[in-house]
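Worksheet: the structure to be examined is printed underneath.
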Amino acid sequence: MNPDRPVSPAPDLVPLPPQPDGVPWPTTAWPQSAPPAYAAAALEELLDRVCDDDGPLATTHAVVVVQGGAIVAERYGGQLEHFDRPPDPVTPETRLLIWSMTKSMLHAVVGTLVGDRLLNLDLPVDVPEWSEPGDPRHAITLRHLLAMRDGLDFVEDYVDARVSDVIEMLFGAGRGDVAHFAADRPLAAPPGTRFNYSSGTSNIISSVVARLVGHDAPYAQFLRTRLFDPIGMHSAEPELDATGTWVASSYVRATARDVARFGLLYLRDGVWDGVRLLPVGWVDFGRTVQSIDPEDGPYGAHWWGVAGDTLGTFRASGYEGQSITMCPTHDLVVVRLGKTPAAHYPDLTRWRADIVRAFNPT
């Protein structure tokens, strides 16, 4: 394996665009621009649609649309409820919970360690629960885990607590040590043979990172110095469990503008203001489709693709309709944070497709 190019992307990926000449990087402040004339009317209608609390998409707290490295539209709405004080209106400075989009940030963190040659995609991972060579889980590699093809028996159900492993891990007996709860699951299939989207898998990866960089404060500092601070993502607040492991399946709070910064990092192939933060090929590894989920579509390595898309669009996705959508062809990043019922996810899928289509100049 070439250490300077840790993965080989699919040959038909749409190229990722560079930052346009003359557009400053948004490390300290986002440049602002008007949307292109051909997109302006459709974009306004789409923002009205997603921000209609009485419509099928329900509550939208924030939308940020970035094209050509500049914000061309943004909206904020609703409020965050609290048990002990009045609700807070959502503003550009409000930190919002991004749920499973955190998994895609974990992909970036792993990339830094692969680039440092401290992790190898194709070696068995360092997980104490599987340390015995005779344990069939000992064959699980980091590549298996990132692609959600580890074979572990883990039920990702957000409704029925009687069968759900993710509910028990995040809110029940597993919450104090999320990685151990997930790693203790048996195999349901040989590693590499089936796709099973699992928040437990992400927390196992996070524990591997923690054993390398340190738990608790050292882990939080690593996230800040290697990912958040270099791109100006200063609002990001990762949540750690009682063992000091980042709950990387689910827990980062950040402003919508900072979430858009992360999306721009991936649209720019892991390069920020002339500095390569992620190894060559790492973003392509994340967006190269390895599996097809019957409900949610193409999946790469802790990143989702878009079914039927020919523009290179890929996305991070979270519970209740959180999303970062990157479209290389249109040099576009769209962040949407809010609360859409699962029954209306198809409406949200159509909205994301419509907003990408609005930037088609022909």
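Structure summary
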quantity	calculated
Protein-only accessible surface order, largest first, of Lys339, Lys103 at 1.4 Å	Lys339, Lys103
Contact order relative to length of region 78-155, as percent, for alpha carbon pairs under 8 angstrom and 6 or more apart	17
Helix 256-267 axis, angle to the chain major axis (alpha carbon atoms, nearest 10°)	70
Nearest-0.05 FRET efficiency for Thr225 and His344, computed from C-beta distance (R0 41 Å)	0.55
Highest-fluctuation residue, Gly69, Gly22, Gly244 considered, GNM on the chain with Cα pairs under 10 Å	Gly22
Efficiency of FRET from Cβ geometry, Asp21 and Asp157, R₀ 51 Å, rounded to 0.05	0.55
Size of electric dipole in region 1-143: Cβ of Lys, Arg +1 and of Asp, Glu -1, about Cα centre, debye, nearest 20	380
Among Pro92, Gln221, His61 the positive-end extreme of the charge dipole of the chain (Cβ point charges)	Gln221
Extension gain, Ala217 back to Ile292 (0.36 nm per residue minus Cα-Cα distance, nm)	23.3 nm
With DNA, RNA and ligands ignored, accessible area of Trp282 (1.4 Å probe; Å², nearest 10)	0
The chain - percent relative contact order, Cα under 8 Å, separation 6 or more	24
Radius 15 Å from Cβ of Gly297, net charge of other residues (Lys, Arg +1; Asp, Glu -1)	0
Dipole magnitude of region 130-215 about its Cα centre (Cβ charges: Lys, Arg +1; Asp, Glu -1), debye to nearest 20	280
The chain: most fluctuating residue of Gly68, Gly308, Gly297 per GNM, C-alpha cutoff 10 Å	Gly308
Net charge of Cβ neighbours under 12 Å - reference Arg95; Lys, Arg +1; Asp, Glu -1	-3
Rounded to the nearest 20 debye, dipole of the chain from Cβ charges on Lys, Arg, Asp, Glu	700
Where trypsin sites (Lys or Arg not before Pro) fall in DSSP loop in region 214-291, at most 16 other Cβ within 10 Å	none
Euclidean distance between Cα centres, region 297-319 to region 179-256, Å	20
Contact order normalised by residue count of region 272-362, Cα under 8 Å, 6+ apart, percent	14
Stretch gain in nm, segment Arg194-Asp48, where the contour uses 0.36 nm per residue and the Cα spacing is subtracted	48.5 nm
Linear extension gain, Asp88 paired with His234, 0.36 nm per residue minus alpha-carbon span	50.5 nm
Choice from Tyr76, Tyr345, Tyr219 showing the highest fluctuation, given a GNM over the chain with Cα pairs closer than 10 Å	Tyr345
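The values are calculated or read from the model by the stated rules, or taken from the named source; none is laboratory data. If you're wondering where the values come from, they're calculated on a predicted model, not measured in any experiment. Every residue, glycine as well, gets a Cβ built from its backbone with ideal geometry; the counts of neighbours run over all protein chains shown. Surface areas here come from the heavy atoms of the whole protein model, side chains and all, with no ligands, DNA or RNA. Shrake-Rupley method; radii C 1.70, N 1.55, O 1.52, S 1.80 Å.
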